[in-house]
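Everything below concerns the one structure shown next.
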Amino acid sequence: MPLVEDVNPWTGKPEQVWEPDGDWYRMKAKPKRVLIACERSGKVREAFNRLGHDATSCDLEPTDIPGKHHQGDVLPLLSDDWDLVLAFPPCTHLASSGARWFKEKREDGRQEAAINFFMAFTKLDHIPQVAIENPIGIMSSQFRKPDQIVQPWEFGHGETKATCLWLKGLPLLRSTKVVDGREERIHRMAPSPDRSKKRSETYSGIAMAMAQQWGKA
Ligand SMILES: C[S@@+](CC[C@H](N)C(=O)[O-])C[C@H]1O[C@@H](n2cnc3c(N)ncnc32)[C@H](O)[C@@H]1O
């Protein structure tokens, strides 16, 4: 039995997809139009697309894995009618791990620019579902406390990296596979020119959980 799509005659977009379940059909999660803002790895984009969603990533850098990617500034894309926006804004001037440089960064305006960029994702009133990801840092006081803090060891990776999530219209992310191992990610990585890039890549277990749980939320 094939998948059946109910297409909205005005927009031409699928409203609902039905998948075979024995001799019957059950409702499949409605495909969402998703923007993955500030993602070059393609991890979250591909997790959503594998589940049948229409996800586009956007970053100033090219994408590491081929796929639907917009290379450039993400801010102009935010006025579009996405169902869901997941944002991974740069944390270099916001994370507590860089606190010793905060004075200098406040004075030269780098921190204010980073705060303003982060805050752009909190003002998407036309988008029903938004998640913003960042490590522990000043946004807990500049914006508000995160809705939850997740760890990679809750999603199948035996490492620690406290990751804050600020959510709008989305449920808390549920852990999918709690494993042993509590080493800090950065300590596992040998020095290399792309160490900081690798360090900021989303864990595949977290990407999968986001797609599986938020794709049908
Ligand atoms: C903390 S990293 C997030 C990486 C992400 N977790 C991944 O797996 O690729 C922040 C990213 O924001 C991107 N970025 C910074 N300013 C941007 C902008 N104005 N528009 C789009 N991307 C931007 C950077 O190039 C960087 O890749």
Report every pair of residues separated by at least 6 positions or lying on different chains whose Cβ atoms are under 9 Å apart, first residue within the stretch 56-76 and more than 17 Å from residue 132 (Cα to Cα) and of a type in the set (Gly, Ala, Ser), second assigned to a strand (DSSP E or B) and within 6 Å of the ligand (Cβ to nearest atom). 72/58; 72/59
So which residues in the stretch 66-92 are more than 10 Å from the ligand (Cβ to nearest atom), out of contact with any Phe, Trp or Tyr (no Cβ under 8 Å at 6 or more places or on another chain) and not basic (Lys, Arg)? 66, 67, 69, 79, 80, 81, 82, 83
Please give the helices (runs of 4 or more DSSP H) falling wholly within the stretch 34-134 in which 3 or more residues are charged (D, E, K, R). 43-50, 102-107
Output the number of the condition that residue 212 fails; it satisfies all remaining conditions of (1) assigned to a loop (DSSP other than H, G, I, E, B); (2) touching a residue at least 40 places away in the same chain (Cβ under 8 Å); (3) buried (at least 16 other Cβ atoms within 10 Å of the Cβ). (1)
Is it the case that some residue within the stretch 20-32 is within 18 Å of residue 197 (Cβ to Cβ), touching a residue at least 12 places away in the same chain (Cβ under 8 Å) and either in contact with a Phe, Trp or Tyr (Cβ under 7 Å, 6 or more places away or on another chain) or near the ligand (Cβ under 9 Å from one of its atoms) (or both)? no
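Bear in mind that the values in this text are calculations on the coordinates, not laboratory data. Computed from a predicted model, the values in this text were never measured in an experiment. Counting neighbours? That spans all protein chains shown, and the Cβs are built from the backbone with ideal geometry, glycine included.
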